[in-house]
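Notes follow the structure.
The values are calculated or read from the model by the stated rules, or taken from the named source; none is laboratory data. It should be emphasised that the depicted structure is a prediction, and the values quoted were computed from it without experimental measurement. Ligands, DNA and RNA are excluded from the accessible area calculation, which covers all protein heavy atoms including side chains. Shrake-Rupley method; radii C 1.70, N 1.55, O 1.52, S 1.80 Å.
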Amino acid sequence: MVRSILTRSEDPVALNIPDYPDVVKEPMDLSTIQRRIETQMITTKEEFAVLMRLVFSNACLYNKPESDV
């Protein structure tokens, strides 16, 4: 499940996390970051770092402390 969330965030119902959009207001995943790099929407290390931190911040926000995240 962790891998799924990190690589695609477009369908929370299919991922069995229907409340995800209610909890996480700015979703981000690794696939989106990769696509943004490939299309040159991310052009600096700083932009990349901000989005990577967002991925992990979202994971910590959504998941319970006892989860594997």
When the residues of region 25-69 are narrowed to those that are small (Gly, Ala, Ser) and assigned to a helix (DSSP H, G or I), which ends up most open to solvent (accessible area, probe 1.4 Å)? Ser57
So how many residues does region 44-59 have that are polar (S, T, N, Q) and either within 9 Å of the chain's Cα centre (by Cα) or at pLDDT below 95 (or both)? 2
